[in-house]
């Protein structure tokens, strides 16, 4: 048999294997309806080049090791007490100065929920136990609002307990992946729903597909009405109000951008690009000066840039018998790292802090500045890191 025929036969068999994935080894084997969508990334040349050559985040102190599993978001109550954080088993817990105590739950069904030795052990129970992500206190009422990935927008009183549902859908479309929130001076809640199609436990499909069913929404506690402000978004994530409440910024995870939505002035009701980021952002938080701290979950590599830019190639590679962990390593490098970026209220980059080797700080999900310290949460780590600002 001639070599060209042999090669053609092998190629056909390989293509058939990739198309059918009979051994279910591909990164999207659990998602038979996986589709790749177009992603209009900012040009590679537009990505900020600034780095922290001193790896200052390596000076952070690791606190509460193995006492908190996946502390995605951090909050302090109106009296300055805390921190409070939501963890992987569905609880919101409170540091009372000596120990962690239970503060709130988002699910009344706790039969299979509770502390587990490994963060990953909670994964299959998330849809039952809930997964509190964004946390914010209403400074006037003391109520804690919770963006639960599975149960939508919720709130609980100052004394804690079982959270009550505030909103689970908007304009007839249910939330599938409620992610983060903030509250304006009038008590209106602005929040993100990362996907209207897939739940958080299918985040790989949401992120790698680039599907654009994400939304930014507003809940009015007086009318009890939820409205859609921005739609057709690709993995909207963190959200934070400006200090003067004239706008808020939110993260676009797939595109690696901060976007600004105007609430007041002649631009009210419109949005624009606030900042282009060097990778995928998670949460964003405003400090007392009105500056924005952005948690970067991973720095974009050229491989990831090409993969995002060419949807056909992305779908082909994800259907190869390569597990998600390997794709993650290729996309983000061989180790998790930590990165924090601070922007002015006008969108100017002010500071970059890194632990590029992931020696101390890894997979930062949120950065909260309080009393001269940065509190660094992570959806993937079993601790909170604290960095002393100079």
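Could you check the range 380-390 and list, in sequence order, the residues that are touching a residue at least 60 places away in the same chain (Cβ under 8 Å) and touching a helix residue (DSSP H, G or I) at 6+ places or on another chain (Cβ under 9 Å)?
380, 381, 382, 385, 387, 388
Which one is modelled with the lowest pLDDT, of the residues in the range 51-77 that are within 30 Å of residue 274 (Cβ to Cβ) and loosely packed, with under 13 Cβ neighbours inside 10 Å?
That would be 53.
Every residue in the range 303-316 that is touching a residue at least 24 places away in the same chain (Cβ under 8 Å) and over 21 Å from the mean Cα position of the chain (by Cα), please.
Result: 303, 309, 311, 312, 314, 315, 316.
Can you tell me which residue within the range 269-302, out of those that are more than 20 Å from the chain's Cα centre (by Cα) and not in a strand (DSSP E or B), is nearest to residue 337 (Cα to Cα)?
If we take residues in the range 269-302 being more than 20 Å from the chain's Cα centre (by Cα) and not in a strand (DSSP E or B), then 302 is nearest to residue 337 (Cα to Cα).
Tally up the residues in the range 51-94 that are touching a helix residue (DSSP H, G or I) at 6+ places or on another chain (Cβ under 9 Å) and not in a loop (DSSP other than H, G, I, E, B), please.
Of the residues in the range 51-94, 1 are touching a helix residue (DSSP H, G or I) at 6+ places or on another chain (Cβ under 9 Å) and not in a loop (DSSP other than H, G, I, E, B).
Kindly list the number of the only condition in (1) within 29 Å of residue 131 (Cβ to Cβ); (2) in contact with a helix residue (DSSP H, G or I) (Cβ under 7 Å, 6 or more places away or on another chain) that fails for residue 313.
(1)
Among the residues of the range 216-234, write down those that are crowded, with 16+ Cβ neighbours inside 10 Å and out of contact with any strand residue (DSSP E or B) (no Cβ under 6 Å at 6 or more places or on another chain).
Once the filter is applied, which keeps residues that are crowded, with 16+ Cβ neighbours inside 10 Å and out of contact with any strand residue (DSSP E or B) (no Cβ under 6 Å at 6 or more places or on another chain), the range 216-234 yields 221, 234.
Taking interchain pairs and intrachain pairs at least six residues apart, which have beta carbon atoms under 8 angstrom, with the first residue in the range 36-51 and closer than 21 Å to residue 343 by Cα and the second surrounded by fewer than 15 Cβ atoms within 10 Å (Cβ to Cβ) and at pLDDT below 95?
Going by the 8 Å Cβ cut-off, the qualifying pairs are 44/302.
So residue 31 fits all but one of (1) part of a strand (DSSP E or B); (2) in contact with a helix residue (DSSP H, G or I) (Cβ under 7 Å, 6 or more places away or on another chain); what number is the exception?
(1)
Restricting to the range 287-302, name every residue that is closer than 17 Å to residue 181 by Cβ and free of Cβ contacts under 8 Å to residues at least 60 places away in the same chain.
292
Taking only pairs six or more apart or across chains, which ones have beta-carbon atoms under 9 Å, a first residue in the range 344-369 that is at positive phi and without any contact (Cβ under 8 Å) to a residue 12 or more places away in the chain, and a second residue that is crowded, with 24+ Cβ neighbours inside 10 Å and part of a loop (DSSP other than H, G, I, E, B)?
Going by the 9 Å Cβ cut-off, there are no qualifying pairs.
Do any residues in the range 166-193 that are free of Cβ contacts under 8 Å to residues at least 40 places away in the same chain and at negative phi have Cβ atoms under 7 Å from those of residues that are in a loop (DSSP other than H, G, I, E, B) and buried (at least 23 other Cβ atoms within 10 Å of the Cβ), where the two are at least six apart or on different chains, and which pairs are they?
That search, which allows pairs on different chains as well, returns 168/175; 176/195; 177/149; 177/194; 177/195.
Among the candidates 131, 110, which residue alone is on the phi < 0 side of the Ramachandran plot, crowded, with 24+ Cβ neighbours inside 10 Å and out of contact with any strand residue (DSSP E or B) (no Cβ under 6 Å at 6 or more places or on another chain)?
131
Step by step: first the residues of the range 92-123, then only those that are free of Cβ contacts under 8 Å to residues at least 24 places away in the same chain and over 21 Å from residue 376 (Cα atoms), then the one that is farthest from the chain's Cα centre (by Cα). Which residue is that?
So the residue we want is 111.
Looking at the range 261-268, can you tell me whether even one residue there is free of Cβ contacts under 8 Å to residues at least 60 places away in the same chain, touching a strand residue (DSSP E or B) at 6+ places or on another chain (Cβ under 7 Å), in a loop (DSSP other than H, G, I, E, B) and surrounded by fewer than 14 Cβ atoms within 10 Å (Cβ to Cβ)?
yes
The values are calculated or read from the model by the stated rules, or taken from the named source; none is laboratory data. Model, not experiment: these values are computed from the prediction. Glycine gets a Cβ as well: all are built from the backbone with ideal geometry, and neighbour counts include every protein chain shown.
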